[in-house]
Amino acid sequence: MVKKVPIFSRISIPLLLAASFVGHNAYSEESERSDEGVPPDNVVEERALLPADSAVIVVSDQAEETPPVAPNVDLKEVAPAPMPIAVPVAGESGGDEIEEAVSADDQNEIVDSSALNTPAEESTTEQPDPPEQTAFVILGSEVAPSTAARLSWSPEVTIAGLTTPTPVLVINGKRPGQTLCMTAAIHGDELNGVEIIRRVMYDIDPDKLTGKLIGIPIVNIKSFQRGSRYLADRRDLNRAFPGDEHGSLAARVAYSLFNEVIVHCDALIDLHTGSFRRTNLLQVRADMSHSGVVKFTEGFDETVVVHSAGESGMLRQAAMDAGIIAVTLEAGESLRLQEDQVNQGVDSVNSLLQRQNMYSRLFSWGDPEPTYYRSQWIRANAGGILFSKVELGDRAKKNELLGVVTDPITNESTEIFAPLEGRVIGMAVNQVVMPGFAAYHLGIEAPEDCLAMPEEGLPEEAFPESADSREPSRNVLCKADRESRSTQKVARSAVKTLMDEE
């Protein structure tokens, strides 16, 4: 008689032995991974019982975190209005942090980076000549070469849920090169710079650009909406740089802008206009004691250059202290959009892009304008209504009539004469003035190899009316003296000779 053996004994025992062996190995691996600090839930494919000749494959989803790639956009196209960025309230759960991150990504129009990434084999096997541009990471987004992106920056200093993001235009060119930044409307009532940046940025083909361009048309967006020069706390944002993350409202905005955007720049153009109903001839203000700045200013075609060392707290000065070549471009007056000033400003910036070998155009070069190393404000000596007899850009001779102030009550007229020869690089528009009002700004030419001493340059002032009206000194530092004293640091004078326009 044949003895019956249960099928469990014939089949299950070998399988159980195999399962126990595999299970033991799996448990050992999990234990080792736990000891190494790697949680078991990072494994995306569960282990299973496989045939003896198969291997157990473990796939991990751990990978380097890379910033999302911003989509390539045509800046000329009309963009949707940016939505307010959600600001988390203190004490909320971590889920809100995820929502905030998603909101920020939405503002930057993020797309999946896998669609634009180049395979590693191609990048390592080919050595392009000339070298190709690399991706540019800024504001938490990656801007691919030969693309333009419309990003958002917000200092997050307003009430939660009411934050208005500031558009930041970024163009990453086809070839590597320097990064040029442009800022405007640091003072919310200055409009010409906003339009200059818009026209320059929207007319750039990324495939023809060498280097990178960053444009912030409206830095002080809240003041811009109110048509105000100052922030809500009545502070001048251009006296708060590089800022303080724990300081005043102005200091916090300045800190955010400087550390999130400006630190990426190799060179900076800060655009401004005249202030308090004064207008400026298109001019570059720069510290001409810096050789790199002198070379940089040579690129602005047909644009007056005025030597100005700058004041502590100004964006230009803070950028220079950080090793960034920086100048101020003044154009026209506040609260007005002046087509002629905008056109001249656009031509000036395009000229610079060509001279810096960043972007080539069919450009007709004009005669270079002189550099004014000294200047003087001419003031009214009586109160009344100002009637100017000269125009912006005119060359005034010594003792030439500049304007007349008429008292509307007594009908008495007081004339304003030029005390010296110079060019009208700034002036007040016709308006009611009081005695001591700074009415005409005359630029005084100096020999090409001579540079005004820093104390005889054009320091900025807190208020136009606080400027001293003394005669400018004739002392200049010429080439031979400048070379021998190149390493000597000369303290700036507290004397104020330039109105607060930057």
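The values are calculated or read from the model by the stated rules, or taken from the named source; none is laboratory data. Predicted, not measured: the structure shown is a model, and the values here were computed from it. Using ideal geometry, Cβ is built from the backbone for each residue, glycine included, and neighbour counts are taken over all protein chains shown.
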Legend entry - Subset of the range 327-353 [within 19 Å of His307 (Cα to Cα) and either among the charged types (D, E, K, R) or not assigned by the TED database to the domain that holds Asn192 (or both)]: Glu330
Legend entry - Residues within the range 354-402 that are in the same structural domain as Ile196 (by the TED database) and farther than 23 Å from Ser289 by Cα, tallied: 12
Inset, instruction - Would you confirm whether any residue within the range 247-269 is out of contact with any Lys or Arg (no Cβ under 9 Å at 6 or more places or on another chain), under 25 Å from Leu392 (Cα atoms) and in contact (Cβ under 8 Å) with a residue 60 or more places away in the chain? - result: yes
Legend entry - Extreme residue, farthest from the chain's Cα centre (by Cα), among residues of the range 196-222 that are within 26 Å of Val157 (Cα to Cα) and touching a residue at least 60 places away in the same chain (Cβ under 8 Å): Lys222
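Where in the range 342-445 are there strands (runs of 3 or more DSSP E), lying fully within it, with 3 or more residues that are polar (S, T, N, Q)?
371-379
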Inset, instruction - Considering only residues that are buried (at least 22 other Cβ atoms within 10 Å of the Cβ) and among the charged types (D, E, K, R), look in the range 315-340 and name the one that is nearest to the chain's Cα centre (by Cα). - result: Arg316
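Quick check: is even one residue across the range 274-294 free of Cβ contacts under 8 Å to residues at least 24 places away in the same chain and at negative phi?
The first filter runs over the range 274-294 and keeps only residues free of Cβ contacts under 8 Å to residues at least 24 places away in the same chain, leaving 291, 294.
Remaining after also requiring at negative phi: 291, 294.
The answer is yes; a qualifying residue exists.
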Legend entry - Where Thr371 falls short, out of the listed (1) of a type in the set (Ser, Thr, Tyr); (2) in contact (Cβ under 8 Å) with a residue 40 or more places away in the chain; (3) exposed (fewer than 12 other Cβ atoms within 10 Å of the Cβ): (3)
